[in-house]
Amino acid sequence: MTKPGTAEVRSNADISDLSARYRADFPIFGQKSPSGRPLIYLDHAATSQKPRQVLEAMQHYYSCNNANVHRGAHQLSARATESFEAARSTAAKFIGANSPREIVFTRNASEAINLVARSWGDANLCVGDEVLLTLMEHHSNLVPWQLLARRTGCVLRHVGITKEGRFDLEDFQAKLNKRTRLVSLAHISNTLGCCNPLEAVIPAAHGIGALVLVDACQSLAHQGINVAAMEADFLVGSSHKLCGPTGIGFLWAREALLEEMPPFLGGGEMIQDVFLDHSNWAALPHKFEAGTPAIGEAVGMSAALHYLQVIGLESIRAWEARLTLQLFSQLQEIEGLRILGPTPEQQPGRGALATFLVDGVHADDIAVIMDTSGICIRSGHHCCQPLHRYYGVTASARASLSFTNTSEEINNFSDELASTVAFLRKHG
């Protein structure tokens with residue numbers, strides 16, 4: 001496995017223009033904006049668009065195989081169950097898991113983190129134990145631990161960031177101690193774009209007996225991940241950021257950990273036997289999947305993961321890295337614009353996004369005006385309010401890329417942004 005943050009960008013001659021080959025698979029890109037201009041979508045860090053292969057897989061499931069899964073005797077249920085469990089196997093293969101039993105389907109990555117906090121956290125943490133997080137975390141990797149701290153009395157500590165906007169390894173080493181029971185961090189920050197040094201964090205945490213949870217929402221669609229080689233203990237992902245449908249995500253955990261953890265939710269599907277006063281749980285991973293699951297969504301996610309594998313995650317990483325270099329180069333030419341996080345030169349393995357502030361101009365105003373030209377970017381705190389408070393701002397603007405974006409789109413975005421900033425400065 002390529003160590004996070006150490007990958008080198010290949011020469012331009014070796015990089016394939018993936019947008020030219022795969023953009024036509026996405027029906028949404030065929031539409032025009034209300035102004036008549038082509039739609040430019042630069043909000044992939046919030047959610048990805050869906051190729052026709054995913055839409056067709058879900059349509060086929062609901063048209064031909066729709067039924068509830070597990071324990072049904074009829075042919076529709078058998079086909080639905082086969083498709084549902086095949087999706088689990090696809091997810092396991094996608095991240096290099098040892099077994100599909102290590103994949104627990106959830107509604108999203110937020111629910112997956114809550115599952116760990118409620119199940120593992122409630123059972124293992126007590127007053128004085130510490131959970132080590134970072135300043136850059138998404139609210140989904142902050143709030144569940146805050147709730148856990150209220151329930152158990154455990155202490156939350158937070159690793160800071162460097163002047164470049166990267167994970168502060170020295171601060172991490174200073175705060176990691178014998179009371180640390182869990183380190184939970186993003187692989188790639190959804191705001192700073194930095195790729196965190198898991199190759200240093202994980203062995204250090206394990207060295208003092210702590211477990212590690214990796215939020216891989218911003219990395220799974222952009223680079224290859226192998227959990228066996230990574231040696232984390234928990235990893236979470238979300239389908240909608242992987243060209244798949246909303247409403248489904250997953251938790252991966254080492255099988256031995258899942259065996260020890262109590263169920264998160266109770267109800268149908270997660271039981272083996274139910275009596276009036278007690279119940280026995282189903283085998284892994286079903287003891288964590290109460291109720292009728294998101295079957296069609298699992299089918300769609302499976303199609304999305306297969307689609308990404310066919311393209312090749314290394315090819316995706318290389319094309320997006322080239323676009324990111326172009327994006328940074330052009331943004332840096334706009335007077336008064338400041339990008340948060342490391343540059344591609346400082347960290348070649350950084351995420352394919354740029355979060356920025358413009359002196360004297362509010363991010364929301366930028367996003368609204370850009371939208372009138374058919375350009376979709378994100379503005380706000382990006383579910384990272386503590387990080388924005390650290391920078392002394394309430395909001396920033398963010399352009400985030402995927403393999404479907406073109407070099408021409410980056411040029412159009414940069415030109416339109418410069419024009420928008422000039423307009424707002426003149427009339428603000």
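Rounded to the nearest 500, what is the chain's calculated 222 nm mean residue ellipticity when only DSSP H runs of at least 4 contribute -39500 (n - 2.57) each, over all residues?
Here the helix-only value at 222 nm equals -10500 deg cm²/dmol.
Going Cα to Cα from LYS426, which aspartates and glutamates come in below 16 Å? Please leave out same-chain ones fewer than 8 positions away.
Within the straight-line cut-off, LYS426 pairs with GLU335, ASP359, ASP365, GLU416.
Could you work out the local net charge near PRO263, counting Lys and Arg as +1, Asp and Glu as -1, over the other residues with Cβ closer than 10 Å to its Cβ? Numbers along the way, then the final one.
Values: positive: ARG118, LYS287; negative: GLU289.
Result for the neighbourhood of PRO263: +1.
Among the lysines, which fall within straight-line cross-link reach of LYS175, defined as a Cα-Cα distance under 21 Å, with same-chain neighbours fewer than 8 residues apart omitted?
LYS163
Hey, can you find the accessible area per residue of the chain for me, probe 1.4 Å, expressed in square angstrom? Each step should come with its number before you reach the end.
On the way: 17730 Å² over 428 residues.
With all protein chains present, the chain gives 41 Å² per residue.
Tally the DSSP beta bridges in the chain and give the antiparallel ones as a percent, rounded to 5.
Working: 27 of 46 bridges.
Here the share of antiparallel DSSP bridges comes out near 60 percent.
Taking the Cα-to-Cβ direction at ALA283 and at SER407 and moving 7 Å from each Cα, how far apart do the two end points lie in nm?
In this crude spin-label approximation the distance works out to 5.4 nm.
Quick one: angle between helix 295-311 and the longest Cα principal axis of the chain, in degrees between 0 and 90, rounded to 10, please.
50
Roll a 1.4 angstrom probe over the protein heavy atoms and tell me the percent of accessible area of the chain that is carbon or sulfur. Intermediate results must be reported in sequence, preceding the final value.
On the way: 8910 of 17730 Å².
Ligands and nucleic acids excluded, carbon and sulfur reach 50 percent.
Please report Rg over Rh for the range 129-220, where both radii come from the alpha carbon positions and Rh follows the Kirkwood definition. Don't jump to the answer; show the numbers that get you there.
Details: Rg = 12.3 Å, Rh = 13.1 Å.
On the Cα set of the range 129-220, Rg over Rh gives 0.94.
Which order do LYS50, LYS426, LYS287, LYS32 take when ranked by solvent-accessible area (1.4 Å probe, heavy atoms of all protein chains), largest first? Write out the running numbers ahead of the final one.
Working: LYS50 45, LYS426 160, LYS287 15, LYS32 125 Å².
So the residues, ranked largest to smallest area, are LYS426, LYS32, LYS50, LYS287.
For the range 65-209, what is the percent of antiparallel DSSP beta bridges, rounded to the nearest 5? Kindly include the intermediate steps, with their values, before the conclusion.
Details: 2 of 10 bridges.
Once the DSSP bridges in the range 65-209 are tallied, antiparallel ones form about 20 percent.
Determine one quarter of the surface area of the Cα convex hull of the range 189-231, which equals its mean projected area, and express it in nm² to one decimal.
3.3
What FRET efficiency comes out for the pair THR47/ASP273, r = Cβ-Cβ distance, R0 = 56 Å, nearest 0.05?
Values: r = 40 Å, r/R0 = 0.72.
It comes out at approximately 0.90.
So how tilted is helix 407-427 from the main axis of the chain? Cα-based, degrees 0 to 90, rounded to 10.
Taking the Cα atoms of the chain, the angle to 407-427 is about 70 degrees.
Run the quick spin-label model on SER35 and GLN173: label points 7 Å from Cα toward the beta carbon, then report their separation in nm to one decimal.
With each label point 7 Å from Cα toward Cβ, the separation is 5.0 nm.
Against the longest alpha carbon principal axis of the chain, how many degrees, from 0 to 90 and to the nearest 10, is the axis of helix 313-331 turned?
Its long axis makes an angle of about 40 degrees.
What net charge do the residues around PRO245 carry, taking every other residue with its C-beta under 12 Å from that of PRO245, with Lys and Arg at +1 and Asp and Glu at -1? Before the final figure, lay out each step's value.
Values: positive: LYS50, ARG107, LYS241; negative: GLU297.
Net of charged neighbours comes to +2.
Give me the aspartates and glutamates in straight-line cross-link reach of LYS241: C-alpha distance below 14 Å, same-chain residues under 8 apart excluded.
ASP43, ASP215, GLU297
Taking the convex hull of the alpha carbon atoms in the range 209-367, what volume per residue do you get, in Å³?
Numbers: hull volume 30.3 nm³, N = 159.
Cα-based convex hull of the range 209-367, divided per residue, equals 190 Å³.
Calculate, in nm to one decimal, what ASN226 and PHE423 gain on full extension: separation in residues at 0.36 nm each, minus their alpha carbon distance. Write down the numbers at each step before the final one.
Numbers: separation 197, 0.36 × 197 = 70.92 nm, distance 4.69 nm.
Taking 0.36 nm per residue and subtracting the Cα distance, the gain is 66.2 nm.
The values are calculated or read from the model by the stated rules, or taken from the named source; none is laboratory data. Note that the structure is predicted; figures quoted are calculated from it, not measured. Note that each Cβ is placed from the backbone with ideal geometry, even for glycine, and that neighbours are counted across all protein chains shown. Note: areas computed on protein heavy atoms with side chains; ligands, DNA, RNA excluded. Shrake-Rupley method; radii C 1.70, N 1.55, O 1.52, S 1.80 Å.
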